[in-house]
Structure formats: structure tokens, C-alpha cells
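The values are calculated or read from the model by the stated rules, or taken from the named source; none is laboratory data. Predicted model only: the values in this text are computed from it and were never measured. Glycine also receives a Cβ, built like all others from the backbone with ideal geometry; neighbour counts cover every protein chain displayed.
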Amino acid sequence: MRRIIFIILSIMITSYTYGQEMAYPAGDSSSTEKNIEVRKDKCSFVVTDASIGQWGGRDMLPGGEDADEFFPATDMKSMTAVRFSFFNRDETRKIDLVQGFNFFLEDEHGNVYRPLGRPSDYEGATIDCSRNFPSLYPGERYAEVLFFEAPIAKCRYLILSVDANSIGYTSPVEIEIPIDRVKDLRCDCSRPDAPAQEPKRLSIISPREGKTVNPGETIAVRVQVTGRAHALNKLVILSPTDVLEDSSLAYGYRVTVPSDHPKGSFTVIVIGQWLEDGEETLLSDLVTLEVVDPSEKCVENCVKGTKVRPD
């Protein structure tokens, strides 16, 4: 599937500062604390970060380019997010990426994980490009975040295959990602290496404190739980107008600000109930949002303190 249309629509002009580069023969791979790199013919194929999280939003179907299909508003999906980077190290060659790359993800058991579209509540940029993109001049690179289905629990490493036939590579470039290099942003209850006595923690990881919202707006709330998560019995989500009890532990919810809510604060509280050996433990976290008056908007680049009302 050609990704260039999505990349051009999402392009962000970004300047890069590169650290000292280590030399490896073409075709060799290297792994630093942060990056996993494969070099071939004066080009670098790099995985700079990988994580598994719970996100909601649109899902790209296999073999298609229509990314307009959305999950229901209450659904969250486990996904693998892989940040991929391609670097042109050839001092005498300009690389044309008009046709882009194709990406595939599998594990050591032969399981193939289908590609997914960018989830609507994923926070952060997903495309970084040089100002000349889709041309890559010597020393330039581009990066993007790729989304796939989450791996199985028994997976020990993932293999990202990059089909770079569009720039002359006749066989896929494979980057092996050890699973211990993949950050798990969900609860750790299934990880065999999780410390048995890790303190229980509950936190709201989205939205951020102080986020501005409008009356009638629906907010995606993501919860993270660590430590003895297998003993977590239920989560309770409280807002000024709603109470939701969740014993299925979805870790992702939708909360709607009432359309008549006045300007001011709107607080969402999450309470976790642990039941273990006949004992109950309750932990909570909260986030306070700021409801703004939709009739007043401050122009982004206006003089500080000046407000304008829409006609």
C-alpha cells in the first residue's frame, strides 16, 4: 500500500540536529540504547521507538487506502506504534520517495500483524520530514509513526519489514525489535517479568491537566494501571454529571461535557478497586479541565489579552 498521499497531507517541516554517527558496513545492523538500525547501500533504516498502547479511532483495513472507518466512540484498541526513520547517507545521491515504502510487521512465530490507521486520540506528531520531501538530499531523513495490531503475549521479538522496492531494493529490509525494547503503556498484568511486589499505581494519562474543552465536547479518557493489576476488580469514572463502573477494565472511556455546562472547571475522577486476599484497596486520580465560553475565542496570534467574538 502506497503511503505517500498520507505522508504529504501530514507533512511537518522540521529541522533535525544529528548526533555523532557511528560507521557500520553496508547491510550491518546496530542497536543503541534507543535506536535499532539496519544500514544498506549508504542508507539507514531505523526504529527509534516502539510501544503498545490503548487508543481509539480509525482503523485502516488490510490492502486498502480508505482510512475513514472509525471504531465506535466507546471502543479502545490495543495497538503497536513503531517510530520508523529513513536516513540518506549517500553524499552523491538524491533519493526520490514519491512512491514511498510499504511496511509489514510479524513475530518469530510467523504471526502477521495488520497495519492500522492513526488513532484519532493518539497524541503527538506522526510525521517528521525535511523541507525537500519527498526528495531526500544527502544527509536528510524522514520519520513516521506506523500503527499495527498488538502482538501476542508469547512474542519475544517483532520483525518490521520495509519494502523499499521503489528506491531499488529488490528484497525487504528487516529490522528485528526485541519485545523488551517495546514499551507497554497498558497495564502490565500479563508480563511474566513484572515485579510481584511493585506498588499499585493508577493514573489518568489523557487528557492532560488544564486542557480546554467546549460545552458538548466528548473527551477521550485513558487510564494506566501498574502493579498487581491482575487483582484490580473494577474502575469507577466520575464526572460532575456521570458515574461509570467498569469491571471489564477497558482502560479507555468517553466523557461528555454537558452542552449547558458553564464556563469554568470540569473534573474527572477515576477510582480503582483492588480485591486481594479478602482486602480492599482503593486508589484514585483526577484531572481538571477548563470549560471555555464558545462565544469568545482568542485569535492564536493576536495581541495578548485581546479577544474577538465571531460574527
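Check off (1) of a type in the set (Ser, Thr, Tyr); (2) closer than 18 Å to Pro207 by Cβ; (3) in contact (Cβ under 8 Å) with a residue 24 or more places away in the chain for Thr281 and give me the number that stays unchecked.
(2) is the only condition that Thr281 fails.
Which of the residues belonging to the stretch 134-149 are buried (at least 19 other Cβ atoms within 10 Å of the Cβ) and more than 17 Å from Phe45 (Cβ to Cβ)?
Answer for the stretch 134-149, where residues must be buried (at least 19 other Cβ atoms within 10 Å of the Cβ) and more than 17 Å from Phe45 (Cβ to Cβ): just Phe147.
Among Gly227, Gly272, Gly252, which is outside the structural domain of Tyr122 (by TED's automatic domain parsing), at negative phi and either modelled with pLDDT under 85 or in contact with a Phe, Trp or Tyr (Cβ under 9 Å, 6 or more places away or on another chain) (or both)? So that I can check it myself, show each step before the final result.
Details: Gly227 fails: at negative phi; Gly272 fails: either modelled with pLDDT under 85 or in contact with a Phe, Trp or Tyr (Cβ under 9 Å, 6 or more places away or on another chain) (or both).
The conditions single out Gly252.
Where in the stretch 133-191 are the strands (runs of 3 or more DSSP E), entirely inside, with at least 1 residues that are out of contact with any Ser or Thr (no Cβ under 9 Å at 6 or more places or on another chain)?
It comes to 157-163, 173-178.
Need at least 1 residues that are touching a Phe, Trp or Tyr at 6+ places or on another chain (Cβ under 6 Å) and modelled with pLDDT under 85 per element, so show me which strands (runs of 3 or more DSSP E) inside the stretch 1-113 make the cut, counting only ones lying wholly within it. Give the steps one after another, and end with the answer.
Values: elements: 29-31, 36-40, 43-55, 77-88, 102-107.
In the stretch 1-113, 29-31, 43-55 are the strands (runs of 3 or more DSSP E) which contain 1 or more residues that are touching a Phe, Trp or Tyr at 6+ places or on another chain (Cβ under 6 Å) and modelled with pLDDT under 85.
Can you give me the number of residues within the stretch 239-284 that are among the aliphatic types (A, V, I, L, M), over 24 Å from Ile52 (Cα atoms) and surrounded by fewer than 17 Cβ atoms within 10 Å (Cβ to Cβ)?
5
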